[in-house]
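*Asks:* Can you read through this structure? Questions will come right after.
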Amino acid sequence: MAEGRERFGRTLEGFFFAFALFTIALVGIGFGMRRWLPPLASEHGAGIDRMIRYLILTVGVLFVIGHVALGYFIWRFSRQDRVTYRLASPRAEKLWSLLPGIVMALVAEGGVLLIGLPIWQKYYLHPAPPDAVLVEVTAEQFAWNIRYPGKDGRLGRTDPRLIRYDNPLGIDAEDPASQDDVVQLGVMYVPVGRPVHVRLRSKDTLHSFFLPHFRVKQDAVPGMTIDLWFTPTQTGEFEIACAELCGFGHFQMRGVLRVLPPEEFQRWLAAQPTFSGQ
Amino acid sequence: MVGEHSARVHEEPVSFWRRYIFSTDHKVIGIQYYLTAMAMALVGGTLAMLIRLQLGWPEAKWPLLAKIFPRGMSGGVMNPDFYLALITMHGTLMIFFVISLGLVSGFGNYLLPLHIGARDMAFPFLNMLSYWTVVPACVIILASFFVEGGAAASGWTAYPPLSAVEQAVPGSGLGQTLWLLGMALFIASFTMGGLNFVTTILNERTRGMSMMRLPLFIWTLLIASILGLLAFPPLTAAAILLLFDRHGGTSFFLPSGLYFGERVLPHSGGSPLLWQHLFWFLGHPEVYVLILPALGIALDLLPPFTRKPIFGYRLTVYSLFAIGVLSMIVWGHHMFVSGMNPYVGEFFAIGTLAITIPSAIIGFNLIASLWGARLQLRTPALFALGAIAFFGTGGLGGIFLGNATSDIQLHDTYFVVGHFHFMIGGVTLLALFGGTYYWFPKMFGRMMSERLGKLHFWLTFLSFYAVFLTQHFLGLGGMPRRYYAFSKFEFLAPIRDMNAFISIAAFVLGAAQLIFLVNFFWSLFRGARAEQNPWRATTLEWVAPTPPPHGNWGETVPEVHRWPYDYSVPGAPEDFTPQTVPPTVVTVTQ
Ligand code: HEM
Ligand SMILES: [Cu+2]
Ligand SMILES: [Cu+2]
């Protein structure tokens, strides 16, 4: 009698555990099928999205299988009154371990080798195309400084010792390349459909130049100039966020990225005052 | 060496001080570590609740809290500096002062000699010294809340220049110096402990306790201790260099041209990336220092409740070794977008994803251990099973992050927060609790309440998923971590309200831990008296008297004849055969 009730309690608990794990798997499926990524607006971002979608699918399947299997095992074996399978032979253990080994080799290692790294190499290991628009982005607590090289295509020299209220980048007025530089605060304009070559710098601490819609994220490191490039595919207004802790204003270090049709961008750039004042 | 120590005299010290405070008995020290970790967990947990309060309702006012934290929450609104101090200290306390102390030092010290049939650790005095080195570390770390500028605020990763330059953030004053000092002391203590663990495991095993007869928890302790010994010294060095940068005018981590507070700092020639390399060279192995013993406990809690051996003992040991070796060469996966050379990033991506193979083998063996079992869902078993689910979930998240390409989008978002909480917060916590429910009868001679234990498990398990699984999806949506509020960005508008739900789940999670505290202290005094071997388990600690006396074994140390998982041996009189039963009585099956 008592044994029967004990067994019933066990079974019930096992069922409850299984039910919880099945529910988690279902919630995982429900969440996983929703679109979470911010709408895409860059060319290379399609590759990153492909990588992420591949992982959501394959890893998602493993997540579901894992939770369902664990739940099923708990349910089934909490009902048993005796051990029905005790010890596997060393050979069986080895053979079985091939299963998780091969699955991971395919899903994780295969994913990065076949899909991930080719995209990574295209994004990182090729210098910006020669027709790219050059933009310097200099992060500081808690703002984004944007500079364009002007007609000469060259950015003027900077020196932190020259930084003043009206010269936040410390641009050297003596350098001829400086004269036609265009400096903006917080808003970055770029043309659509043309590569944008960003030279990323920081004045003070680490920051991270994060364009959620463009799948761009790159830390800005003081003492380093880091080059990156991307090609916008959509016009419109987007946000620049900081993704590396940089102080108390980190959460509000917001910039704006305006992607314009090419002619409009040229018109805008021509209308901006240059460093030398005209 | 084996067996030689049995001749050693083990007189019980009589004075209160030598017995309970400055004790050299590994069991007392283990319990000291455990209780210290529990106290630190109360602080760390409270910080987490404050963090969630802020993120759930960033605009709300809490006049009551203004009274408790007049500086951090003046006018009832949390200020951003205080928020950063909260996340920094929460991470630091939980990783180093709760999980490391409770799981590795606490259970490690208590169980290691008992598991291997020794009378104590190899160096009992060093053991005491290591505990009494970590006490001032705790005091210093906690004191930093009360100094000018408040506690450190540069994250548990303490990246310079934020952590190096006083003007960078208020917490970068005395608070950061104390943080570094506290960490240095912690590392000194942990190194002494690690040396002791390795020596004890290698030298103090009793007769018959060959390496392949060690319980898996001991294997994980051995590998974790070796990892700790290899990985911690670089961080110590880095911490000292950072102190020099802060107070000695050097420039190890600081380049020229840093512009703070309207002037250019005189540093030149250093690199902030150097710190990141040194930090993660420790930081990544450190997470394995914590997860491996947690997995060891999960693996060892299964057989007493499945009444059968675990699946794949040998392959699990090999996999643990593989994880240990690989974990030393993957630190760069924390730095994919740091400005490190992208070629190097490829190497780290391939290495990181290689770790998923031995990890998956261990996960598979854990699940496969249930096959054919007579599963008893007692409280410790629930926690072990929960740890399997968490390990799977956290590991699968790791595949997204180790893949350099998808990490571009996911780095420094809530995806990372979700991932590492399942691992370093979830698996470890469940192992810590499961271990407590399981070994409490040995430690204190009483049983903990099953009813409260199960309630504790279910509330913890379900609310944990609600909090941290959800965060993975927020991360996919691009939500950056270490943000004081998400109100400034439009792209977060569609998802930011989920933070209120997460916060409520987090409060349930926090409240559930109070049930554990009640259970712990109630059972300490009122729990049912435990039999010597209440779980009918095979390992050596259950052969010792309860609670074990000084020197553990009385007159003679036990001799071992079999591996620790001889459950349900065909033909045996009971469904468990302790390791001390000779093969003449019950056949050996491994
Ligand atoms: C399958 C195995 C695992 C893989 C592939 C993996 C991968 C990663 C990667 C690539 C990151 C960096 C993400 C980023 O910052 O962008 C990360 C972060 C982290 N992982 Fe894992 N991980 C694994 C297992 C673990 C385990 C077992 C633990 C701990 C017990 C752990 C704890 C952490 C922590 C604490 C962080 C975040 C550190 C921080 O930035 O604050 N991981 N993981
Ligand atoms: Cu920032
Ligand atoms: Cu890591």
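*Asks:* How compact is chain A by the rule of thumb for globular proteins, expressed as Cα Rg over 2.2 N^0.38 Å?
*Replies:* With N residues counted in chain A, Rg over 2.2 N^0.38 Å equals 1.48.
*Asks:* Rounded to the nearest percent, how much of the accessible area of chain B (1.4 Å probe, protein heavy atoms only) is carbon and sulfur? List each step's numbers first, then the result.
*Replies:* Values: 12640 of 18540 Å².
The C+S portion of the solvent-accessible surface of chain B is 68 percent.
*Asks:* Which of the pairs B:Lys61/B:Lys488; B:Lys308/B:Lys454; A:Lys203/B:Lys61; A:Lys122/B:Lys488; A:Lys94/A:Lys122 have their Cα atoms more than 29 Å apart in this structure? Don't skip to the end; give the middle numbers.
*Replies:* Working: B:Lys61/B:Lys488 18 Å; B:Lys308/B:Lys454 23 Å; A:Lys203/B:Lys61 35 Å; A:Lys122/B:Lys488 33 Å; A:Lys94/A:Lys122 39 Å.
Beyond 29 Å between Cα atoms: A:Lys203/B:Lys61; A:Lys122/B:Lys488; A:Lys94/A:Lys122.
*Asks:* Of all the accessible heavy-atom surface of chain A, with the other protein chains kept in place and a 1.4 Å probe, what percent is carbon and sulfur?
*Replies:* Details: 7870 of 12720 Å².
Roughly 62 percent, rounded to a whole number.
*Asks:* Give the aspartates and glutamates reachable from A:Lys217 as a straight Cα distance under 17 Å; neighbours fewer than 8 places away on the same chain don't count.
*Replies:* A:Glu43, A:Asp49, A:Glu136, A:Glu140, A:Asp227, A:Glu239, A:Glu244, B:Glu346, B:Asp407, B:Asp412
*Asks:* Please state, rounded to one decimal and in Å, the Kirkwood hydrodynamic radius that region B:288-528 gives when every pair of distinct Cα atoms enters the mean of 1/r. Before the final figure, lay out each step's value.
*Replies:* On the way: mean 1/r = 0.0519 Å⁻¹.
Result for region B:288-528 stands at 19.3 Å.
*Asks:* Could you pull the Rg and Dmax for the protein assembly as shown, using just the Cα atoms, both in Å?
*Replies:* 28.5, 99
*Asks:* Another question about this same structure. Projecting each Cα onto the charge dipole of the protein assembly as shown (Lys/Arg +1, Asp/Glu -1 at the beta carbon, about the Cα centre), which of A:Gly150, A:Val103, B:Leu353 comes out farthest on the positive side?
*Replies:* Selected residue: A:Val103.
*Asks:* Evaluate the relative contact order of region B:532-590 (contact order divided by residue number), counting alpha-carbon pairs under 8 angstrom at least 6 apart; express in whole percent. Spell out each step's value before the answer.
*Replies:* On the way: 79 pairs, mean separation 20.5, N = 59.
Value for region B:532-590: 35 percent.
*Asks:* What are the residues whose amide H is under 5 Å from the amide H of A:Val187, where those residues sit 5 or more places off or on another chain and H is modelled from the backbone?
*Replies:* Correct list: A:Val256.
*Asks:* Check cross-link reach from B:Lys27 to the aspartates and glutamates: straight Cα distance under 14 Å, and skip same-chain residues fewer than eight apart.
*Replies:* Filter leaves B:Glu12, B:Asp120, B:Glu541.
*Asks:* Amide H neighbours of A:Ser208 under 5 Å, at least 5 residues apart or on other chains, H built in the peptide plane: list them.
*Replies:* Here the answer is A:Ala220, A:Ala243, A:Glu244, since their amide H atoms fall under 5 Å of that of A:Ser208.
*Asks:* Using θ = phi - 60° and the Karplus form 6.51 cos²θ - 1.76 cosθ + 1.60, what ³J(HN,Hα) does each residue of region A:152-165 get, whole Hz, x for Gly and Pro?
*Replies:* 6, x, 10, 7, x, 5, 10, 8, x, 6, 8, 5, 9, 3
*Asks:* Same structure again: Whole-Hz Karplus ³J(HN,Hα) for region A:225-233, in order, using 6.51 cos²θ - 1.76 cosθ + 1.60 and θ = phi - 60°, x for Gly and Pro?
*Replies:* Running phi through 6.51 cos²θ - 1.76 cosθ + 1.60 with θ = phi - 60° gives 10, 10, 9, 8, 8, 8, 10, x, 10 Hz.
*Asks:* While we're on this one: Indicate the residues belonging to region B:439-471 that lose 50 Å² or more of solvent-accessible heavy-atom surface (probe 1.4 Å) upon moving from the chain alone to the assembly of all protein chains, ignoring ligands and nucleic acids.
*Replies:* Buried by the other chains: B:Trp458.
*Asks:* First check a/c for region A:146-265, with a ≥ b ≥ c the square roots of the eigenvalues of its C-alpha gyration tensor; if it is under 1.5, answer rounded, and if not, answer prolate when a/b is larger than b/c or oblate otherwise. Working shown, then result.
*Replies:* Numbers: a/c = 1.86, a/b = 1.11, b/c = 1.68.
Oblate.
*Asks:* Right, next: Check A:Ser42: other-chain or 5+ apart residues with amide H under 5 Å from its amide H, H built from backbone geometry?
*Replies:* Result for A:Ser42 returns A:Thr233.
*Asks:* On to the next question. Reported to two decimal places, what Rg/Rh ratio describes region A:81-120 when computed on Cα atoms with Rh from the Kirkwood expression? Intermediate values should be presented prior to the final figure.
*Replies:* Details: Rg = 16.8 Å, Rh = 12.5 Å.
Rounded to two decimals, Rg over Rh is 1.34.
*Asks:* Just order A:176-187, A:159-170, B:231-242 by mean Cβ neighbour count inside 10 Å, highest at the front, would you?
*Replies:* Ranked from most to least packed, the peptides come out as B:231-242, A:176-187, A:159-170.
*Asks:* Might you report the magnitude of the Cβ-based charge dipole of region B:532-590 about its Cα centre, with Lys and Arg at +1 and Asp and Glu at -1, to the nearest 20 debye? Walk me through the numbers on the way to the answer.
*Replies:* Values: 2 positive and 6 negative charges, 12 e Å.
About 60 debye.
*Asks:* Can I ask one more? Given a Förster distance of 22 Å, report the FRET efficiency between A:Phe31 and B:Ile504 from their Cβ-Cβ distance, rounded to the nearest 0.05. It would help to have the intermediate numbers written out before the result.
*Replies:* On the way: r = 18 Å, r/R0 = 0.80.
The formula returns an efficiency of 0.80 here.
*Asks:* Which whole-number percentage describes the relative contact order of chain A, with Cα contacts under 8 Å and a sequence gap of 6 or more?
*Replies:* On the way: 451 pairs, mean separation 52.4, N = 278.
After rounding, I find 19 percent.
*Asks:* Using the heavy atoms of the protein chains alone and a 1.4 angstrom probe, what is the accessible area of the protein assembly as shown per residue in square angstrom? Show your work: numbers first, answer last.
*Replies:* Values: 31260 Å² over 868 residues.
Counting only protein heavy atoms, the per-residue value for the protein assembly as shown is 36 Å².
*Asks:* Residue by residue through region B:400-407, what is 3J(HN,Hα) from phi via Karplus (6.51 cos²θ - 1.76 cosθ + 1.60, θ = phi - 60°)? Round to whole Hz and write x for glycine and proline.
*Replies:* Values, residue by residue: 5, 7, x, 7, 3, 5, 6, 5 Hz.
*Asks:* Hey, if you put +1 on the Cβ of every Lys and Arg and -1 on every Asp and Glu Cβ in region B:288-528, which of B:His456, B:Pro480, B:Gly398 ends up farthest toward the positive end of that dipole?
*Replies:* In region B:288-528, that residue is B:His456.
*Asks:* In square angstrom and rounded to 100, what buried accessible area do you get between chains B and A, total over both, with the probe at 1.4 Å?
*Replies:* 8900
*Asks:* In the protein assembly as shown, what % of DSSP beta bridges are antiparallel (nearest 5)?
*Replies:* Details: 34 of 46 bridges.
DSSP beta bridges in the protein assembly as shown are roughly 75 percent antiparallel.
*Asks:* Just subtract the alpha-carbon distance of A:Arg164 and A:Thr274 from 0.36 nm times their residue separation and send over the number in nm, one decimal. Mind dumping the intermediate values first?
*Replies:* Working: separation 110, 0.36 × 110 = 39.60 nm, distance 1.67 nm.
That pair, A:Arg164 and A:Thr274, stretches by 37.9 nm at full extension.
*Asks:* Which residues, if any, in region A:236-271 have at least 20 Å² less accessible area in the whole protein complex than in the isolated chain, probe 1.4 Å?
*Replies:* By number: A:Glu239, A:Ala241, A:Ala243, A:Glu244, A:Leu245, A:Gly247, A:Phe248, A:His250, A:Phe251, A:Gln252, A:Arg254.
The values are calculated or read from the model by the stated rules, or taken from the named source; none is laboratory data. Worth saying up front: this structure is predicted, and the values here are computed from it rather than measured. In this analysis, Cβ positions are derived from the backbone assuming ideal geometry, glycine residues included, and neighbour counts consider all displayed protein chains. Keep in mind that these areas ignore ligands, DNA and RNA; they rest on the heavy atoms of the full protein, side chains included. Shrake-Rupley method; radii C 1.70, N 1.55, O 1.52, S 1.80 Å.
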